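Remarks on the structure that follows.
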Amino acid sequence: MAGIYLHIPFCKQACHYCDFHFSTSLQYKPQLLQALVKEIELQKTYLQNETIETIYFGGGTPSVLESAEIQLLIDTITRLYTVSSSAEITLEANPDDLNKAKVQALRQTPVNRFSIGIQSFFDDDLQWMNRVHRADEAEAAVKRAQDMGFENLTVDLIYGYPLLTDVKWKYNLDKVFELDVPHVSTYSMTVEPGTALDSFVKKKKQPAMNEQQSAEQFNVLMDAMQTHGFEHYEISNFCKPGHYSRHNSNYWRGVKYLGIGPSAHSYNGDTRQWNIANNAKYIQSIEDGKILAETEELTEANRLNEYIMTSLRTMWGLDLDKLNTIAAGASDQLLIAAQSYFEREWIIQKNNVIYLTPTGKLYADAIAADLFF
């Protein structure tokens, strides 16, 4: 099995914290769409005849596409690949795009899952982030999608930024529970280099993010999700039983995937590659029948480190036996390196699998990096 990710690099406006590849100009949208179609054709052998289990429209803001444009891309994939009849097909969407007509039109496509970028249910927070939608649009978008038959929904929330008091954070979580959304992705606000937020912080127009606030709100998050029956199946992701994001879960489990579009990444088990992050150059290269991408051959150390990083983030944990299939004796070396984390009770071992404890989840990336080979 395998997945396909399509990067749609357009947004109505730039969120202050975002460092993904996107453009606020739709000037190249028609040409970009045709380039995506052609790249799907050019890359048809990349996954070596694997059955496609998931298709994911990310960005950017894929919901700026018309339903017919989304259908064209899906039709191209189904023409060239074997797509499972039960494939999960996700569309990332901004609440302001999900009006009645748009949701009705998308209901006629194979899209069967929405990832709705809510971030907050407070207008002042959304304005601070430079989000394009309003809080009332966020709630309305979820209800509208549900009313029209989209039950497989996930929403994004952000925590750990100056405006977000603990009272507001609890309200955001309670609102998600009230809306009966089965999956939630949550992210601590980070100041990424080159973003508007980075500039504001450097110029003292905004305070730096508070790590203590972020940690405390993460703990509130974990407790609330557990109380409401959600499984914490990956550091940033929670779901009701059976509602895992199949596409993203496959990333963490090392399943092959093909990335289509500017800046999109791909993985086939032996190499990783990433397309050029420039719309005009991407379009021109694809029109010329070439894929401008960098490729990395994965070494044994790469494979070990990727498995450590991804597996530790999940509720399924780091399987020491699987680690040894990548490199003989690797588990012994890792257990020695991990001793201090066992002593601090940041990780635990059950049978032959290592898991992060709730406290350890606060330091997931640092622990993983310290265990790298």
* With respect to the numbered conditions (1) within 21 Å of residue 233 (Cβ to Cβ); (2) touching a residue at least 40 places away in the same chain (Cβ under 8 Å), which one is the sole condition not fulfilled by residue 348? -> (2)
* Asked: How many of the residues in the stretch 347-364 are among the aromatic types (Phe, Trp, Tyr) and under 17 Å from residue 214 (Cβ atoms)?
  -> 1
* **Identity of the residue in the stretch 169-218, more than 23 Å from residue 20 (Cα to Cα), open to solvent by 30 Å² or more (accessible area, probe 1.4 Å) and among the basic types (Lys, Arg), that ends up farthest from the chain's Cα centre (by Cα)** => 204
* Tell me, please, whether a residue that is without any contact (Cβ under 8 Å) to a residue 40 or more places away in the chain, open to solvent by 10 Å² or more (accessible area, probe 1.4 Å) and assigned to a helix (DSSP H, G or I) can be found in the stretch 148-156. => no
* Could you grab me the full set of residues in the stretch 1-12 that are in a loop (DSSP other than H, G, I, E, B) and more than 11 Å from residue 64 (Cβ to Cβ)? => 1
* Asked: Tell me, which residue of the stretch 76-95 that is of a type in the set (S, T, N, Q) and open to solvent by 10 Å² or more (accessible area, probe 1.4 Å) is nearest to residue 39 (Cα to Cα)?
  -> 78
* Structure fact -> In the stretch 191-226, anything polar (S, T, N, Q) and at pLDDT below 95 is listed as 195, 199, 206
* **Residue pairs meeting the criteria (Cβ under 6 Å; at least 6 apart or on separate chains; first open to solvent by 10 Å² or more (accessible area, probe 1.4 Å), in the stretch 59-75; second outside any helix (DSSP H, G or I) and hydroxyl-bearing (Ser, Thr, Tyr))** => 67/109; 71/109
* Asked: Is it the case that the stretch 275-285 has a residue that's more than 27 Å from residue 9 (Cα to Cα), open to solvent by less than 60 Å² (accessible area, probe 1.4 Å) and of a type in the set (A, V, I, L, M, F, W, C)?
  -> no
* Among the residues of the stretch 13-30, is any open to solvent by 40 Å² or more (accessible area, probe 1.4 Å) and either among the basic types (Lys, Arg) or assigned to a strand (DSSP E or B) (or both)? -> no
* Answer yes or no: is there a residue in the stretch 274-287 that is in contact with a Gly (Cβ under 9 Å, 6 or more places away or on another chain) and within 24 Å of residue 53 (Cα to Cα). => yes
* State whether one or more residues within the stretch 243-250 are part of a helix (DSSP H, G or I), without any contact (Cβ under 8 Å) to a residue 12 or more places away in the chain, open to solvent by 20 Å² or more (accessible area, probe 1.4 Å) and over 19 Å from residue 355 (Cβ atoms). => no
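The values are calculated or read from the model by the stated rules, or taken from the named source; none is laboratory data. If you're wondering where the values come from, they're calculated on a predicted model, not measured in any experiment. Positions of Cβ are generated from backbone atoms using ideal geometry, with glycine treated the same way; all protein chains shown enter the neighbour counts. Note: areas computed on protein heavy atoms with side chains; ligands, DNA, RNA excluded. Shrake-Rupley method; radii C 1.70, N 1.55, O 1.52, S 1.80 Å.
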